[in-house]
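Notes follow the structure.
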Amino acid sequence: MRTIGVRTALHAEGAAAQPDAPRKPDAVCFVPRVMTRAPILAISGSLRTSSVNSAALRAAAASAAADGIAIAIDGDSVRLLPPFDSDLEAERPPLVAAFDAACLAAPGLLISVPEYAHGIPGAFKNALDWTVGSGSLYAKPVGVLDVAPPGRGGYVRQALDHVFAAMQSDVVRYAVPIAAADRDAGGEIVGAAALASLADAVRDFAARTGLHVAA
Ligand SMILES: Cc1cc2nc3c(=O)[nH]c(=O)nc-3n(C[C@H](O)[C@H](O)[C@H](O)COP(=O)(O)O)c2cc1C
């Protein structure tokens, strides 16, 4: 079992829950957090049904499952979270609280995000904004699948780097370009080289999160 320190408002609540811990709701504090067996959380930055980013995460999750690595795909939060409003942080909407709790519990976040207008899709950035106050992605391993073809996606890579640097997440990126020829008629990824790259990526990422990966 691994423990990791995190500093957030949520963790201040955690400290208060301990019998002898002083109650410091507004203080930044540092409390050991026991890593659980929660799955890696996978989130696509695209809402499109035929999204290549979502397909890459589905293929990654399937490959991981074959290796005994649990990846849970959150296909709802990015679409359903309300627009970020710091006025709501004191009493967060249930969807926000659930999303944030899932981020906090996950040993790592695996994401795949398209580039829109040289930036991060707004709905995805909105989801990230909701985690800032609690710090649920602080020091969190974040694996970024770069599925854009060579020469594309440079701006969103840079933008994601800036955002995760601000949140002090622990980012690792994987270049796994997916071509149209790598997908079947339903949009699922079937290209052998692409699937092998995704499998390598999830194995490496799972190991970085501290999960045991079967040989
Ligand atoms: C509104 C919009 C803006 C886009 N802007 C860019 C861009 O600035 N740079 C780029 O490389 N691709 C851009 N694209 C292409 C998408 O990144 C590309 O189609 C990607 O595969 C979409 O991801 P998805 O298939 O997961 O939905 C844009 C697409 C749309 C719909």
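The values are calculated or read from the model by the stated rules, or taken from the named source; none is laboratory data. All of these numbers come straight from a predicted model, not from anything done at the bench. No Cβ is skipped: glycine too gets one built from the backbone with ideal geometry, and neighbour counts run over all protein chains shown.
Within segment 106-131, no residue that is outside the structural domain of V144 (by TED's automatic domain parsing) sits with its Cβ atom under 7 Å from a residue that is modelled with pLDDT of 95 or more and assigned to a strand (DSSP E or B) at 6+ positions apart or across chains. Would you check if there is a residue in segment 78-88 being within 16 Å of the ligand (Cβ to nearest atom) and surrounded by fewer than 19 Cβ atoms within 10 Å (Cβ to Cβ)? Yes, the conditions are met somewhere in segment 78-88. Listed by position, the strands (runs of 3 or more DSSP E) contained in segment 1-94 that have at least 3 residues being modelled with pLDDT of 95 or more and either farther than 23 Å from G135 by Cα or among the hydrophobic types (A, V, I, L, M, F, W, C) (or both) are 40-44, 71-73. Within segment 102-130, the residues that satisfy the criterion of being in contact with a Lys or Arg (Cβ under 9 Å, 6 or more places away or on another chain) and away from the ligand (no atom under 16 Å from the Cβ) are C103, L104, A106, P107, G108, L109, W130. Confirm whether L128 is of a type in the set (A, V, I, L, M, F, W, C), under 18 Å from L57 (Cβ atoms) and in contact with a Cys (Cβ under 9 Å, 6 or more places away or on another chain). The answer is no for L128.
Just a yes or no: is a residue in segment 59-77 touching a Phe, Trp or Tyr at 6+ places or on another chain (Cβ under 8 Å), in contact (Cβ under 8 Å) with a residue 40 or more places away in the chain and assigned by TED's automatic domain parsing to the domain that holds V176?
So far as segment 59-77 goes, yes, one or more of its residues are touching a Phe, Trp or Tyr at 6+ places or on another chain (Cβ under 8 Å), in contact (Cβ under 8 Å) with a residue 40 or more places away in the chain and assigned by TED's automatic domain parsing to the domain that holds V176.
Just so you know, in segment 144-177 the residues that are closer than 18 Å to F205 by Cβ and within 12 Å of the ligand (Cβ to nearest atom) include one that is farthest from the chain's Cα centre (by Cα), and it is P177. S54 satisfies every condition listed in (1) surrounded by fewer than 20 Cβ atoms within 10 Å (Cβ to Cβ); (2) within 16 Å of the ligand (Cβ to nearest atom); (3) of a type outside the set (A, V, I, L, M, F, W, C) except (1).
Would you pick out the residues in segment 106-132 that are part of a helix (DSSP H, G or I), surrounded by fewer than 21 Cβ atoms within 10 Å (Cβ to Cβ) and not charged (D, E, K, R)?
Once the filter is applied, which keeps residues that are part of a helix (DSSP H, G or I), surrounded by fewer than 21 Cβ atoms within 10 Å (Cβ to Cβ) and not charged (D, E, K, R), segment 106-132 yields G122, A123, N126, V132.
Scanning segment 162-195 for residues being out of contact with any helix residue (DSSP H, G or I) (no Cβ under 6 Å at 6 or more places or on another chain), over 28 Å from L137 (Cα atoms) and in a helix (DSSP H, G or I) gives a total of 4.
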